[in-house]
1. Nearest 10 degrees is fine. How inclined is helix 58-70 to the longest principal axis of the chain, computing both from alpha carbons?
2. What longest region of the chain stays clear of GluC sites (Glu not before Pro) that DSSP places outside H, G, I, E and B and that have at most 16 other Cβ atoms within 10 Å?
3. Protein chains only, probe 1.4 Å: how do H118, H14 rank by accessible area, largest first?
4. Compute the acute angle (0 to 90°) between the alpha-carbon long axis of helix 142-157 and the principal axis of greatest extent of the alpha-carbon atoms of the chain; round to the nearest 10°.
5. State to the nearest 20 debye the size of the charge dipole of the chain about its Cα centre, where the only charges are +1 on K and R beta carbons and -1 on D and E beta carbons.
6. Length gain on complete extension for the stretch Q153 to M120, per 0.36 nm per residue less the alpha carbon to alpha carbon distance?
7. Which one, G111, P58, V97, projects farthest toward the positive side of the charge dipole computed for the chain from Cβ point charges (K/R +1, D/E -1)?
8. Could you state the accessible area per residue of the chain in Å², with a 1.4 Å probe and every protein chain left in place?
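The values are calculated or read from the model by the stated rules, or taken from the named source; none is laboratory data. Since the structure is predicted, the reported quantities are computational estimates derived from the model, not experimental observations. Here Cβ is always computed from backbone atoms with ideal geometry, including for glycine, and neighbour counts include all displayed protein chains. Quick note on the areas: whole protein, heavy atoms, side chains included, nothing else; ligands and nucleic acids left out. Shrake-Rupley method; radii C 1.70, N 1.55, O 1.52, S 1.80 Å.
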Amino acid sequence: MLREVSAGGVLVRHTPEGWELAVIEPQREASIVGESDKKRHKQVLALPKGLIDPGEKPDQTAVREVCEETGLTGRILAKLTDIKYTYVRAWGDKQRVFKIVSFYLLQYESGTIDDVSHDMRIEVKQAQWIPLEGAERRLAYRGERDVIRLARQHLKSQIEEVQP
Ligand code: ATP
């Protein structure tokens, strides 16, 4: 089986209304053709992530991918966990891929949400802030929902350190 290794980020900011999280709505790929209309039009929310480049460390990938996909820069607070899943490539020879994605917790530093390059629109339909509270119910993938729970636990235990 093919393997892919990616890294991504849970980038958060503190607002008067509470913690917010930066998520993306990925562009859906051709594999959804054939799904029901209801499923096709359902908004999919996911965490920003991407493949680790040669020579890059996973935490660097997380910061870079979050920036490219959301327009936001953050600093790493902690490593959260690795998630694993398999999928079948919708293109080419339809190979099965085993994938590991390392997720990091990042604190927002600068940038404007969804201020992404023209090229990035191929991957990202839209980036948006959503409340961290209840965010796991809005994310499409179970592995990423677990990542959000870990992020919330981490912020609860470290609250004095990260609150502005
Ligand atoms: P990357 O963002 O790492 O560059 P990619 O956009 O090429 O990767 P994925 O986001 O891994 O690829 O998506 C490939 C397939 O896996 C898609 O069909 C997607 O719906 C599915 N997928 C994405 N994330 C998960 C997940 N956490 N759990 C299960 N399936 C997922």
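1. Orientation of helix 58-70: about 80 degrees from the principal axis.
2. 57-122
3. My answer, sorted largest first, is H118, H14.
4. Once rounded, one gets 10 degrees.
5. It comes to approximately 800 debye.
6. Gain on stretching Q153 to M120: 8.7 nm.
7. V97
8. 58 Å²
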